[in-house]
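Reading through the structure tokens given below for one structure.
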Amino acid sequence: MIFPGSKNFIWLMSDNMHHQWLLLAACFWVIFMFMVASKFITLTFKDPDGYGAKQEPLILTAVTKVEEVHVPEEKHWPEEFQPTGKAFSGNLIRQPLVHMERLELLRNVCRDAALRNLSHTAVSKFVLDRIFVCDKHKILFCQTPKVGNTQWKKVLIVLNGAFSSIEEIPENIVHDHEKNGLPRLSSFSDSEIKKRLNLYFKFFIVRDPFERLISAFKDKFVHNPRFEPWYRHEIAPGIIRKYRKNRTETKGLQFEDFVRYLGDPNHRWLDVQFGDHIIHWVTYVELCAPCEITYSVIGHHETLEDDAPYILKAAGIDHLVSYPTIPPGITVYNKTKVERYFSGVSKRDIRRLYARFEGDFKLFGYREPDFLLN
């Protein structure tokens with residue numbers, strides 16, 4: 001049975017549904033055209049190599065603000081970073097954050113009263129002797145031996161103008177401070193030192209403290225590639241006389257002897273006799289005074305492939321010089337080697353060694369070795 005007007009009602013319903021379908025189809029068409037246009041724009045303007053195009057700045061430079069720093073007008077201080085090609089190897093966004101975190105950790109540990117004796121030191125002549133100056137580009141570099149410092153010295157030698165390229169620098173010149181054109185900060189007057197510490201870009205490099213000690217031991221007492229006889233003939237006998245347990249043993253300095261010397265709270269009486277040669281194994285705190293000097297960047301040997309180009313960019317010199325090529329695997333932390341060297345050392349001696357270097361471990365984010373926790 002059909003009620004009056006029902007045909008008109010059915011027709012109206014049908015017409016309304018028809019309009020809804022048309023509207024829906026139109027919406028899909030607009031969305032489809034928008035997607036096509038977006039894809040076209042992307043394909044047209046995208047850099048095929050992924051790093052050649054100019055991009056927006058990423059993040060502010062990681063500079064610790066312990067004291068107010070006034071940057072000279074002629075210095076183009078890099079407060080923001082842009083891509084520089086392959087140098088950042090995929091870590092373009094991550095790198096500035098990593099360095100900000102390192103500086104924040106440093107500040108927090110420096111404030112820790114419980115670690116004050118292990119994290120603070122006077123900015124003495126010993127420290128100022130470790131800091132090399134590049135006035136031309138307003139850079140200070142604190143030397144921390146056994147973490148690739150030779151290469152950084154070469155970079156600064158080129159920047160100072162003594163040689164036009166890293167390849168031209170003779171190896172015997174790099175460490176000859178009378179000929180390499182690298183002045184030390186200690187050679188300036190007090191006012192000039194203060195000015196440079198306040199205004200210049202400052203950096204140094206660290207690595208796992210225990211691995212660094214192994215490297216120092218091998219380089220100075222085992223291989224001695226630079227033919228520095230005083231390590232074997234003067235320093236080693238002095239350590240053996242004081243710290244060797246088995247007096248009948250006649251072999252050369254052993255790693256456990258070296259560890260006992262370094263972990264002895266009274267080691268300083270020997271340090272005085274050894275003079276500046278101790279720079280190869282004293283703490284980063286003693287070398288560079290990181291809680292007293294406001295460093296701009298702290299590089300890590302384990303991530304030097306990324307840190308080196310970052311430092312050059314942050315210092316504004318990446319267009320002038322490149323860090324020398326790093327051999328594959330040379331910077332990787334060798335846990336097996338560390339455990340092997342310390343396997344012959346008593347837990348007591350290792351704990352005493354760690355107690356001395358705890359500041360270095362904490363300030364720069366290195367974990368306490370597993371063999372100390374077992």
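Given the alpha-carbon gyration tensor of segment 306-374, what are the semi-axes of its equivalent ellipsoid in whole angstrom, ordered largest first, with each equal to the square root of 5 times an eigenvalue?
Semi-axes, largest first: 34, 16, 8 Å.
Summary of the geometry: segment 258-300 and segment 115-139, compared by the centres of their Cα atoms, lie 12 Å apart.
If you take the square roots of the eigenvalues of the alpha-carbon gyration tensor of segment 200-332 and sort them as a ≥ b ≥ c, do you get rounded (a/c under 1.5), prolate (a/b over b/c) or oblate? Prolate.
In terms of its alpha-carbon gyration tensor, segment 120-179 comes out prolate; a/c meets the 1.5 threshold, and the first ratio a/b outweighs b/c. Taking θ as phi - 60° and the Karplus parameters 6.51, -1.76 and 1.60, the scalar couplings of segment 202-212 work out to 10, 8, 7, 10, 10, 8, 3, x, 6, 5, 5 Hz in sequence order, x denoting glycine and proline.
Read-outs: derived from the displayed coordinates by stated rules, not from any lab. Predicted, not measured: the structure shown is a model, and the values here were computed from it.
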